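Below: the structure, in structure tokens.
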Amino acid sequence: MSRDVLAFVPAILAWAAVLYRLPALRARSGDPAVAWLWLILLSLALSLTALLPPVYVAVDRTTGFPNLARLLANGLVLVACWSTQDCCCT
């Protein structure tokens, strides 16, 4: 397999986890732990998507700022870390 194809695997798995947990989020909308878990999975899936080569290049070309996709991905990982802390502390 080529490296480009392998780059898509983590993002696909992350989006599969987001979609898998979506029915639980709807069924138990009052449970904050379920909502926090879904936010963690969503932010990780978005960050992995931003690092995909076609998305990375498209974000950089569209905005005109080099490596903006990397900054966006790092910020989304920080959101996931913050969500994990809030989930465990409540």
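Label-point separation (nm) for Thr63 and Gln85, each offset 7 Å from Cα along Cα-to-Cβ?
Taking the two extended label points, one gets 2.3 nm.
Given axes a ≥ b ≥ c from the Cα gyration tensor, I'd like to know whether segment 3-89 is rounded (a/c under 1.5), prolate (a/b larger than b/c) or oblate.
Cα axes put segment 3-89 in the prolate bin.
Would you mind calculating the gained length between Asn74 and Leu19 on full extension (0.36 nm times residue separation, minus the Cα-Cα distance), in nm to one decimal?
Working it through step by step, the gained length comes to 17.6 nm.
Determine the dipole magnitude for the chain: charges of +1 sit on the beta-carbon of Lys and Arg, -1 on that of Asp and Glu, nothing else is charged, the reference point is the Cα centre, and the result goes in debye to the nearest 20. Before the final figure, lay out each step's value.
Details: 6 positive and 4 negative charges, 24 e Å.
Using only the charged Cβ atoms, the result is roughly 120 debye.
Using the Kyte-Doolittle scale, find the helices of the chain whose mean hydropathy is at least 1.6 and whose Cα atoms extend 18 Å or more along the helix's long axis, counting only whole DSSP H runs.
For the chain, where a helix must reach 18 Å along its axis and average at least 1.6, the hits are 32-50.
Cα centroid distance between segment 1-40 and segment 43-77, in Å?
One Cα centre to the other: 18 Å.
Readers should treat all values here as calculations from the given coordinates under stated rules, not as data from a laboratory. Quantities reported herein were computed from a predicted structural model and do not represent experimental measurements. Note that each Cβ is placed from the backbone with ideal geometry, even for glycine, and that neighbours are counted across all protein chains shown.
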